[in-house]
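Structure first, commentary second.
The values are calculated or read from the model by the stated rules, or taken from the named source; none is laboratory data. This structure is a prediction, so every number in the text was calculated from the model and none was measured. Counting neighbours? That spans all protein chains shown, and the Cβs are built from the backbone with ideal geometry, glycine included. Calculation scope for accessible area: heavy atoms of the full protein, side chains included, ligands and nucleic acids excluded. Shrake-Rupley method; radii C 1.70, N 1.55, O 1.52, S 1.80 Å.
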Amino acid sequence: MSYSNLQECVYDLEQNRHLVRINGFEVDPNLELAAIQRRAYRAGSPALLFSRVKGSIFPMLANLYGTQERLRYIFRSSLRGVEALLRTKADPHDILKHPLRYRSLPKAIFSMLPRKVRTGPVLENRTTLAQLPHLVSWPKDGGAYITLPLVYTEPPANPGLFTSNLGMYRVQISGNDYIPDHEVGLHYQIHRGIGPHHMQALERGDSLPVNIFVGGPPALTLAAIMPLPEGMPEICFAGALGGRRISMITGNNILPIAAEADFCISGHLRSSQGKAATKPEGPFGDHLGYYSLTHDFPVMQVDAVYHRTNAIWPFTSVGRPPQEDTEFGGFIHALTEALIPTVFTGVHEVHAVDAAGVHPLLLAIGSERYVPFADNRIPQELLTCGLGLLGNTQTSLTKYLFIAAREDASTLSCHHILEFLTHILLRTQFNRDLHFITRTTIDTLDYSGISLNQGSKLLWAAAGKPIRKLLTALPSQLTLPEGFSNARLFAPGIALCQGPKHVAPRNTSSQDMEILATHLAHTLVAASTNGKPAEKSLPEELALIVVVDDADFVCSSLDNFLWTTFTRSDPATDIYGPHSASPTKHWGCSAPLIIDARGKSFHAPPLEDDPDVERKIDALAVKNGPLYGLV
């Protein structure tokens, strides 16, 4: 079944026990609903439709995309066609070899053509920003946000449906200095498709028309976050994914409007003398598990707010992974996995690690074929593969990229994380295999860098035979300098220890870490010869030490280790090592490498639940309570 709107989807899910209506009590969109949604996601609950929402007449829909099972159910009628479409992109000749696989392809292609209409349900009613649900997800959020917004723009120089962009950029609808009912904050990160459209408008001295859709066919939401091939508009892909053409209202509107959306906020990004009008936006509890702080972002002048009769307000809440957006990532990866080698030559598999916040850590397997006649492989083609990943599409937001050679282990998988890290550490020459890109653009939400949007990246490539064994117990000669304590072995070759509280200013090295590196240089000596030990006498080494604030917390799970290590460190600033040097401007060291993953004095605070709200939800979740068995 394909859905033309959200109402059809809700009805179908409810009939098939994928959705539960909550009618018996009023819920508060200020902190309470977001906390319920996060707990419902963790519990693997059905979607939840809340009919009575404090301060708004509109029902709110939570956890719609909360499981892979439900995602595949929602798109069950069209998945084969989409998979066929993407398969032809990956291997155009496959359609000749296996034509029966592509029976769904013609319908998918036809569904990609948007349908132009004169009017639609979304224009049935008008309202104001004040009457919309005002969702506040975390205690320190700067106001209410739309968390599943679909932001539609077209390039002023070449407008049209087939050049449009539909992206999910968070929208602040109250708080800060926004004029109530007339302004919203539009937070779009670097690398996003709306950016070139906004630039064109500014160059012309014009405002940029913007439509923000909420709700509508579920395919619109998935399309808005898909890393689509160049030249494929999200509106078109949504038609293929939803199994029917997307109806767009054209004509007298400045911009087309999705006819079956539940809501549409129409407006424009103002400009003055070629400069964008901005106002402070934030804070906002974000998907890395920390607040993104207050910064200036474009302000959108609101011209009209429309909604369909019986409109539903879908929402989510983001935070430290895993959350509902984790399911988006898994679903998208399953769809696009076959495309990886066509987009990145020589790359066979990638894994953006959700537990590390997605963008901070990418694992990859590539080819190393440049010198097949050499006695031993060293990273060469892997560097080409890695630079391609760091220079294209959403993988360009990666901060740490670990890449291994398929030729070294044909069964190695990026999704077996500890096994993959072990493979890398066994082969890394720390004076050769670490390649830093400094003072470059990083994810807007990552506060570990030297400023907003600016930090460093590390391309860590390993190939060839193992050059060491990894210690399975802490060495007896390991001691720590004053201020460091609680050394723990987390995994073979990987140790944790607690360090003193970080006090250094942003964009400076830590004297504490320099002291630790010098101390280790005198206490741990690698038994190797020129970095090339004989295979029969591989040294047993501690390859990596991660310095943290709470070793017990980090050591308690792999997720804690990944989240702490890669969200709290900037490669160029926070990596150290014994005997470090930079011959010909290439930094290297001896084992063990040190990563300073302490919370920094300038970092944004981590997200914490409101205890009073949690106690209220606990009371609602007791046996015979309205949320029993759901949270």
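Key figures
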quantity: Qualifying positions in region 431-444 - within 25 Å of S590 (Cα to Cα) and open to solvent by 10 Å² or more (accessible area, probe 1.4 Å); calculated: N431, R432, H435, F436, I437, T438, R439
quantity: Counted residues, region 262-276 - those being at pLDDT below 95 and closer than 15 Å to H198 by Cβ; calculated: 6
quantity: Output for region 109-143, where each listed residue is of a type in the set (S, T, N, Q), part of a loop (DSSP other than H, G, I, E, B) and either touching a Cys at 6+ places or on another chain (Cβ under 7 Å) or farther than 30 Å from A35 by Cβ (or both); calculated: T119
quantity: Residue within region 332-347 that is part of a loop (DSSP other than H, G, I, E, B) and under 22 Å from the mean Cα position of the chain (by Cα) present; calculated: yes
quantity: Scope region 451-470; condition out of contact with any helix residue (DSSP H, G or I) (no Cβ under 7 Å at 6 or more places or on another chain), open to solvent by 20 Å² or more (accessible area, probe 1.4 Å) and not basic (K, R); matching residues; calculated: S451, L452, N453, Q454
quantity: Some residue of region 297-310 being within 30 Å of D559 (Cα to Cα), in contact (Cβ under 8 Å) with a residue 24 or more places away in the chain and acidic (D, E); calculated: no
quantity: Tabulated pairs, region 430-445, first free of Cβ contacts under 8 Å to residues at least 12 places away in the same chain, second open to solvent by 10 Å² or more (accessible area, probe 1.4 Å), C-beta under 7 angstrom, 6+ apart or interchain; calculated: none
quantity: Test: S111 is buried (at least 19 other Cβ atoms within 10 Å of the Cβ), polar (S, T, N, Q) and over 30 Å from V318 (Cα atoms); calculated: yes
quantity: Single residue of E407, E419 found to be touching a residue at least 40 places away in the same chain (Cβ under 8 Å), open to solvent by 40 Å² or more (accessible area, probe 1.4 Å) and farther than 22 Å from M226 by Cβ; calculated: E407
quantity: First in region 233-257 and within 10 Å of M112 (Cβ to Cβ), second anywhere and of a type in the set (K, R), Cβ under 8 Å, 6 or more apart; calculated: G239/R245; R245/R115; I246/R115
quantity: Residue match in region 551-564 (condition: among the small types (G, A, S), in contact with a strand residue (DSSP E or B) (Cβ under 9 Å, 6 or more places away or on another chain) and modelled with pLDDT of 95 or more); calculated: yes
quantity: Qualifying residue in region 9-31 (condition: over 29 Å from A259 (Cβ atoms) and in contact with a Gly (Cβ under 9 Å, 6 or more places away or on another chain)); calculated: yes
quantity: Identity of the residue in region 268-283, open to solvent by 10 Å² or more (accessible area, probe 1.4 Å), assigned to a strand (DSSP E or B) and not β-branched (V, I, T), that ends up farthest from A219 (Cα to Cα); calculated: S272
quantity: Selection count, region 597-627, where residues are open to solvent by 70 Å² or more (accessible area, probe 1.4 Å), touching a residue at least 60 places away in the same chain (Cβ under 8 Å) and farther than 21 Å from S292 by Cα; calculated: 1
quantity: One residue from A334, A364, A356 being within 30 Å of T395 (Cβ to Cβ) and open to solvent by 50 Å² or more (accessible area, probe 1.4 Å); calculated: A334
quantity: Enumeration of residues in region 313-331 that are farther than 20 Å from E69 by Cβ and open to solvent by 10 Å² or more (accessible area, probe 1.4 Å); calculated: V318, R320
quantity: Residues located in region 490-512, provided they are within 16 Å of A551 (Cβ to Cβ), open to solvent by less than 50 Å² (accessible area, probe 1.4 Å) and not polar (S, T, N, Q); calculated: F490, A491, I494, A495, L496, C497, G499, P500, H502, D512
quantity: Matching entry among D28, D12 (being in contact with a helix residue (DSSP H, G or I) (Cβ under 9 Å, 6 or more places away or on another chain) and without any contact (Cβ under 8 Å) to a residue 12 or more places away in the chain); calculated: D12
quantity: Any hit, region 252-263, residues being touching a His at 6+ places or on another chain (Cβ under 8 Å) and within 27 Å of E327 (Cβ to Cβ); calculated: yes
quantity: Residue check, L562 open to solvent by less than 60 Å² (accessible area, probe 1.4 Å), outside any loop (DSSP other than H, G, I, E, B) and either of a type in the set (A, V, I, L, M) or in contact with a Ser or Thr (Cβ under 9 Å, 6 or more places away or on another chain) (or both); calculated: yes
quantity: Residue match in region 144-162 (condition: assigned to a helix (DSSP H, G or I) and either free of Cβ contacts under 8 Å to residues at least 40 places away in the same chain or surrounded by fewer than 22 Cβ atoms within 10 Å (Cβ to Cβ) (or both)); calculated: yes
quantity: Residue in region 417-440 that is of a type in the set (K, R) and touching a strand residue (DSSP E or B) at 6+ places or on another chain (Cβ under 6 Å) present; calculated: yes
quantity: Positions within region 372-409 being farther than 23 Å from I595 by Cα, in a loop (DSSP other than H, G, I, E, B) and not aliphatic (A, V, I, L, M), in sequence order; calculated: P372, F373, D375, N376, R377, Q380, G391, N392, T393
quantity: Evaluation of S413 against (1) buried (at least 18 other Cβ atoms within 10 Å of the Cβ); (2) of a type outside the set (A, V, I, L, M, F, W, C); (3) within 28 Å of H348 (Cβ to Cβ) (one fails), failing number; calculated: (1)
